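J.: First, the structure itself, so that you have it in front of you.
The values are calculated or read from the model by the stated rules, or taken from the named source; none is laboratory data. Not measured: the values here are computed from a predicted model. No Cβ is skipped: glycine too gets one built from the backbone with ideal geometry, and neighbour counts run over all protein chains shown. These area figures cover heavy atoms from the full protein model, side chains too; ligands, DNA and RNA do not enter into them. Shrake-Rupley method; radii C 1.70, N 1.55, O 1.52, S 1.80 Å.
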Amino acid sequence: MTHSDIQKLQTVSKDEQAERAQYILLDNGEMAWDQLQKSRNRVDMVLDNGCRIRVSLLGVRKVVFHPKALPWFVSDVTPPDFSQTISILQNANEWSSGDESEDARSALGKVASRFQERMTDGTFELSVPLSTKLGEPVPGSGYEFWTSPSAYYYMQDEAPDLLHTLSK
């Protein structure tokens, strides 16, 4: 599979989105977007299956990323994944197949550099230390909740400190 093939799979036109909408049981996307636009102090994002980052459009002061303790799904992000991704993207010339243009590799490096700047200045942060190992408990963080099979409505009973932090 080529880079072009992957781009085609990820690109969905407005008509294709409308066609797929019939298979979605509940879509609160508009409501979520409205809430995100109102949240100027802090946004918390669970690095879950299919998470997309569109933070730059929001003008938020702080974004806290909540990784998974263990990768239940291949797309779940763990602390080691999080820290390695920035470095990998900054070094696109070392791993790219050569099919990509220099502009594409340069753009990846710029995005990664901006992400790193936001990590350094505190705009972006990980909810646990970057050095957290897979499955390692982080007392008081509620970190393990994100990997549990529990629905969010159990957070009050299973991770009350985490709920309190998110409710601020």
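J.: Which pairs do you get when a residue that is on the phi > 0 side of the Ramachandran plot, found in region 32-54, comes within reach of a residue that is at pLDDT 75 or above, reach meaning Cβ atoms under 8 angstrom, with the pair 6+ apart or on two chains?
T.: Within 8 Å, the pairs are G50/S75.
J.: Filter region 52-80 down to residues that are open to solvent by less than 60 Å² (accessible area, probe 1.4 Å) and farther than 21 Å from S141 by Cα and give me whichever is modelled with the lowest pLDDT.
T.: V55
J.: When region 30-40 is examined, which residues are found to be closer than 19 Å to V63 by Cα and either touching a Ser or Thr at 6+ places or on another chain (Cβ under 9 Å) or not hydrophobic (A, V, I, L, M, F, W, C) (or both)?
T.: Passing the criteria: D34, Q35, Q37, K38, S39, R40.
J.: Related question: Among the residues of region 82-95, what is the count of those that are surrounded by 14 or more Cβ atoms within 10 Å (Cβ to Cβ) and at pLDDT below 75?
T.: Qualifying residue count for the region: 1.
J.: Sticking with this structure for a sec: Kindly evaluate N41 against the criterion of being at pLDDT below 80 and open to solvent by 70 Å² or more (accessible area, probe 1.4 Å).
T.: Spelling it out, N41 is indeed at pLDDT below 80 and open to solvent by 70 Å² or more (accessible area, probe 1.4 Å).
The rows are residues; the columns are (1) at pLDDT below 85; (2) in a helix (DSSP H, G or I); (3) out of contact with any Cys (no Cβ under 9 Å at 6 or more places or on another chain); (4) open to solvent by 70 Å² or more (accessible area, probe 1.4 Å).
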{"position": "S97", "(1), (2), (3), (4)": "yes, no, yes, yes"}
{"position": "K110", "(1), (2), (3), (4)": "yes, yes, yes, yes"}
{"position": "M119", "(1), (2), (3), (4)": "no, yes, yes, no"}
{"position": "E125", "(1), (2), (3), (4)": "no, no, yes, no"}
{"position": "F145", "(1), (2), (3), (4)": "no, yes, yes, no"}
{"position": "S150", "(1), (2), (3), (4)": "no, no, yes, no"}
{"position": "M155", "(1), (2), (3), (4)": "no, yes, yes, no"}
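J.: Within region 148-159, is there a residue that is free of Cβ contacts under 8 Å to residues at least 40 places away in the same chain, among the aromatic types (F, W, Y) and touching a helix residue (DSSP H, G or I) at 6+ places or on another chain (Cβ under 6 Å)?
T.: Taking every residue of region 148-159 in turn, none turns out to be free of Cβ contacts under 8 Å to residues at least 40 places away in the same chain, among the aromatic types (F, W, Y) and touching a helix residue (DSSP H, G or I) at 6+ places or on another chain (Cβ under 6 Å).
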